[in-house]
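The values are calculated or read from the model by the stated rules, or taken from the named source; none is laboratory data. Worth saying up front: this structure is predicted, and the values here are computed from it rather than measured. Glycine also receives a Cβ, built like all others from the backbone with ideal geometry; neighbour counts cover every protein chain displayed.
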Amino acid sequence: MKKVTEESVSWNESTSETNNSMVTEFIFLGLSDSQELQIFLFVLFFVFYGGIVFGNLLIVITVVSDFHLHSPMYFLLANLSFIDLSLSSVTAPKMITDFFSECKVISFKGCLVQIFFLHFFGGSELVILIAMAFDRYVAICKPLHYTTIMCGNTCVGIVAVAWGIGFLHSVSQLAFAVHLPFCGPNEVDSFYCDLPRVIELACTDTYRLDIMLIANSGVLTICSFVLLIISYTIILMTIQRCPSDSSSKALSTLTAHITVVLLFFGPCILIYAWPFPIKSLDKFLAVFYSVITPLLNPIIYTLRNKDMKTAIRRLRKWDVHPSVKS
Ligand SMILES: *[C@@H]1O[C@H](CO)[C@@H](O)[C@H](O)[C@H]1NC(C)=O
């Protein structure tokens with residue numbers, strides 16, 4: 001598939017390295033080459049990233065410090081925010097600082113580190129989203145068993161499983177990429193390293209790797225997505241069957257959850273599981289994934305959630321301790 005051109009051969013000769021991996025760094029083509037647009041994009045994404053750091057940290061601090069929010073749902077939400085912030089920090093700061101550099105370089109190791117953490121946090125986020133759906137399922141469909149099923153241990157267990165699965169998923173993907181030979185072009189048409197873009201550059205037949213990618217990331221995202229859609233459908237049907245006072249509140253929480261699930265899985269499925277990559281859509285999806293979704297999550301949860309808003313108001317007055325009478 002990859003043509004080993006004369007150009008790349010002479011490039012090989014000019015470097016003193018003789019092992020298989022001749023490429024020692026990758027070059028990002030970035031979002032656009034227009035100079036005026038760079039400044040605009042810099043300001044835009046700087047503000048977005050600021051919002052991501054602020055919004056997600058606010059959620060974590062609010063949930064951890066306010067004992068009113070010490071429940072499985074909010075613990076999971078805080079974990080989701082923490083992961084969102086970390087996920088965005090893998091790509092966004094490098095992208096933002098790169099707007100001003102002529103040559104957007106990343107070392108081969110740096111590239112692998114980016115891929116590792118991208119999939120590590122991505123895989124964990126996926127498990128947390130499923131856990132949040134499970135939490136709502138138990139709360140709404142099995143309310144009498146809620147406190148026994150979702151006890152403190154379950155919650156800690158879920159979080160541990162999330163990090164474990166994220167790690168396994170990431171390592172299992174990276175294991176293939178580490179040994180790929182890169183000898184030819186090293187320009188990544190994106191602003192961060194991810195497997196689909198990097199595998200393209202390997203000078204070997206990547207057909208089996210593409211299959212592996214679809215089998216791992218693709219199947220994982222599609223299965224989780226289907227699972228989530230089914231569980232939210234069951235929950236919504238349960239609410240409809242016996243409407244109660246609390247169902248409008250439950251419905252607003254569910255709408256927030258479902259919105260976040262769609263925002264996370266939409267780009268994910270298009271990137272990893274869609275068999276016909278759409279080049280023009282690719283960078284847009286990447287931007288969406290690395291700066292828009294992590295920014296929207298805190299907005300969706302804080303603006304739509306009364307308890308969260310009250311807690312933030314309390315936090316501003318430093319009125320969060322149980323000793324203060326409420
Ligand atoms: C994540 O969840 C665990 C278990 O419920 C909780 O103890 C921890 O504080 C949460 N972490 C964050 C960053 O909110």
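Assorted remarks:
- Residues of the stretch 58-89 that turn out to be in contact (Cβ under 8 Å) with a residue 40 or more places away in the chain, near the ligand (Cβ under 9 Å from one of its atoms) and of a type in the set (Gly, Ala, Ser), as a count: 1
- When we screen Phe42, Phe26 for residues that are at pLDDT 85 or above, surrounded by fewer than 20 Cβ atoms within 10 Å (Cβ to Cβ) and over 14 Å from Met308 (Cβ atoms), the only hit is Phe42.
- Flag if Ser124 is modelled with pLDDT of 90 or more, of a type in the set (S, T, N, Q) and either within 16 Å of the ligand (Cβ to nearest atom) or in contact with an Asp or Glu (Cβ under 7 Å, 6 or more places away or on another chain) (or both): yes
- Any hit, the stretch 264-271, residues being in a helix (DSSP H, G or I), in contact (Cβ under 8 Å) with a residue 12 or more places away in the chain and under 16 Å from Phe82 (Cβ atoms): yes
- Test: residue in the stretch 131-149 that is touching a helix residue (DSSP H, G or I) at 6+ places or on another chain (Cβ under 6 Å) and more than 28 Å from Thr238 (Cβ to Cβ): no
- Test: Leu118 is touching a Ser or Thr at 6+ places or on another chain (Cβ under 9 Å), under 29 Å from Leu213 (Cβ atoms) and of a type outside the set (S, T, N, Q): yes
- Restricting attention to the stretch 278-300, the residues that are in contact with a helix residue (DSSP H, G or I) (Cβ under 9 Å, 6 or more places away or on another chain) and loosely packed, with under 14 Cβ neighbours inside 10 Å total 2.
- Only one of Val178, Val171 that is modelled with pLDDT under 85, touching a helix residue (DSSP H, G or I) at 6+ places or on another chain (Cβ under 9 Å) and either more than 16 Å from the ligand (Cβ to nearest atom) or within 21 Å of Ile83 (Cβ to Cβ) (or both): Val178
- Unmet requirement for Val105, which otherwise passes all of (1) outside any helix (DSSP H, G or I); (2) in contact with a Phe, Trp or Tyr (Cβ under 6 Å, 6 or more places away or on another chain); (3) among the aliphatic types (A, V, I, L, M): (2)
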